[in-house]
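Peer 1: Okay, here's the structure, questions in a sec.
The values are calculated or read from the model by the stated rules, or taken from the named source; none is laboratory data. In this text, all values refer to a predicted model and were calculated from it rather than measured experimentally. Cβ coordinates were reconstructed from backbone atoms using ideal geometry, including for glycine residues, and neighbour counts include every protein chain displayed.
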Amino acid sequence: MSNQVPVITVDGPSGVGKGTLCQWLAMQLGWHLLDSGALYRLTALAALHRNLALQDEAKIAVVAAELDVEFIPDAAGSARVILDGADIGNALRSEMTGNAASQVAALPAVRAALLQRQRDFRQIPGLIADGRDMGTVVFPDANLKLFLTARAGERAHRRYKQLIEKGIDANLNKIIKEIAERDARDAQRAVAPLKPAADAETLDTTQLSITEVGEWVLALARQRLRIRVIP
Ligand code: DC
């Protein structure tokens, strides 16, 4: 049954604008949203809270399988994240958490532990799935697969702006360095590396606004899925 529910996958490196695009698409279509990076970030935070080394594959896979997380929508349209019963504030989005997430995401048993949890997001009327391996591993039968790219310098600037706007401390040079490290780790890992699916549409967003990217995706969705999108 769930395989008949339409999915649009959006993969690409960090800071490419997938998060903003996916939230916008989910709103336009009235579909569910899977932020798969958040699951890796939460796993990393839960592992750190338990003082586990980020290489401890067996123990972190158990943490991933047993993640105790709750999202409580707030008035500002975002959500409070409650992990193991405690509000984690801004910690989910910090660069430190992103880097830790990239490390635990390289562990095959951790990826396996999160696989079904991600597939369970495929619910009527449809799903927008944001990540690194959505089109290659998690939803290989997706109706439309997108792979976004942008120059690393542009991605670092976008990430910096986003963090500052959220009131999170950030240093541009450090972000440039960390984005390069994260790209290399995510693209070179043995399991589910960051790469476009063979049947993905790739778009370089360096020069494009979020609205331009969004309109391009909606036009493709109209063609491929024959869904009605109210202009
Ligand atoms: O998209 P993000 O920045 O929230 O992701 C954080 C890290 O999690 C990213 O560096 C790699 C990992 N990740 C992954 O390996 N596979 C996914 N589908 C999503 C994220």
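Peer 1: Do any helices (runs of 4 or more DSSP H) entirely within region 1-93 hold 1 or more residues that are within 13 Å of the ligand (Cβ to nearest atom) and within 17 Å of Asp130 (Cβ to Cβ), and if so, which? Reasoning before the result, please.
Peer 2: Numbers: elements: 18-29, 36-49, 57-65.
Counting at least 1 such residues, we get 18-29, 36-49.
To keep it simple, each residue is scored yes or no on (1) under 16 Å from the mean Cα position of the chain (by Cα); (2) of a type in the set (Val, Ile, Thr); (3) over 21 Å from Asp169 (Cβ atoms); (4) exposed (fewer than 12 other Cβ atoms within 10 Å of the Cβ).
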position: Leu54; (1), (2), (3), (4): no, no, yes, no
position: Val62; (1), (2), (3), (4): no, yes, yes, no
position: Ala75; (1), (2), (3), (4): no, no, yes, yes
position: Arg80; (1), (2), (3), (4): no, no, no, no
position: Ala100; (1), (2), (3), (4): yes, no, no, no
position: Arg111; (1), (2), (3), (4): yes, no, yes, no
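Peer 1: Hey, another quick one. Hey, any hits in region 203-211 for a residue that's surrounded by 15 or more Cβ atoms within 10 Å (Cβ to Cβ), closer than 28 Å to Gly30 by Cβ and of a type in the set (A, V, I, L, M)?
Peer 2: yes
Peer 1: Suppose we filter Arg158, Arg182 for residues that are in contact with a helix residue (DSSP H, G or I) (Cβ under 6 Å, 6 or more places away or on another chain), at pLDDT below 90 and not aliphatic (A, V, I, L, M); which single one remains?
Peer 2: Of Arg158, Arg182, the one residue that is in contact with a helix residue (DSSP H, G or I) (Cβ under 6 Å, 6 or more places away or on another chain), at pLDDT below 90 and not aliphatic (A, V, I, L, M) is Arg182.
Peer 1: Further, regarding this structure: Take the residues in region 135-187 that are crowded, with 19+ Cβ neighbours inside 10 Å and among the small types (Gly, Ala, Ser), then tell me which one is nearest to Gly15 (Cα to Cα).
Peer 2: Filtering region 135-187 for residues that are crowded, with 19+ Cβ neighbours inside 10 Å and among the small types (Gly, Ala, Ser), the one nearest to Gly15 (Cα to Cα) comes out as Ala156.
Peer 1: With the requirement that a residue be of a type in the set (Ser, Thr, Tyr) and touching a Ser or Thr at 6+ places or on another chain (Cβ under 8 Å), what does region 21-76 give you?
Peer 2: At the first step, the residues of region 21-76 found to be of a type in the set (Ser, Thr, Tyr) are 36, 40, 43.
Result: Tyr40, single match.
Peer 1: Are there any pairs, at least 6 apart or on different chains, whose C-beta atoms fall under 8 Å, with the first in region 78-101 and touching a residue at least 24 places away in the same chain (Cβ under 8 Å) and the second part of a strand (DSSP E or B) and within 15 Å of the ligand (Cβ to nearest atom), and if so, which?
Peer 2: Note: pairs meeting the criteria are Val81/Val69; Val81/Phe71; Leu83/Val69; Ile88/Val81; Leu92/Val81.
Peer 1: Search region 212-231 for residues being within 16 Å of Val16 (Cβ to Cβ) and either of a type outside the set (Asp, Glu) or touching a residue at least 60 places away in the same chain (Cβ under 8 Å) (or both), and hand back the single one that is surrounded by the fewest Cβ atoms within 10 Å (Cβ to Cβ). Break it down stepwise before answering.
Peer 2: Residues of region 212-231 within 16 Å of Val16 (Cβ to Cβ): 212-214, 216-217.
After this cut, where a residue has to be either of a type outside the set (Asp, Glu) or touching a residue at least 60 places away in the same chain (Cβ under 8 Å) (or both) as well, the list is 213-214, 216-217.
Numbers: Val213: 23, Gly214: 18, Trp216: 16, Val217: 25.
Per the stated criteria, the residue is Trp216.
Peer 1: Out of all the residues in region 72-92, which are at pLDDT 85 or above and among the polar types (S, T, N, Q)?
Peer 2: So in region 72-92, the residues at pLDDT 85 or above come out as 72, 80-92.
Answer for region 72-92, where residues must be at pLDDT 85 or above and among the polar types (S, T, N, Q): just Asn90.
Peer 1: Further, regarding this structure: Please identify the pairs in which a residue from region 173-190 that is closer than 17 Å to Gly17 by Cα has its Cβ atom under 8 Å from the Cβ atom of a residue that is among the aromatic types (Phe, Trp, Tyr), counting only partners at least 6 apart or on another chain.
Peer 2: Sorted first by the residue in region 173-190, then by its partner, the pairs are Ile175/Tyr160.
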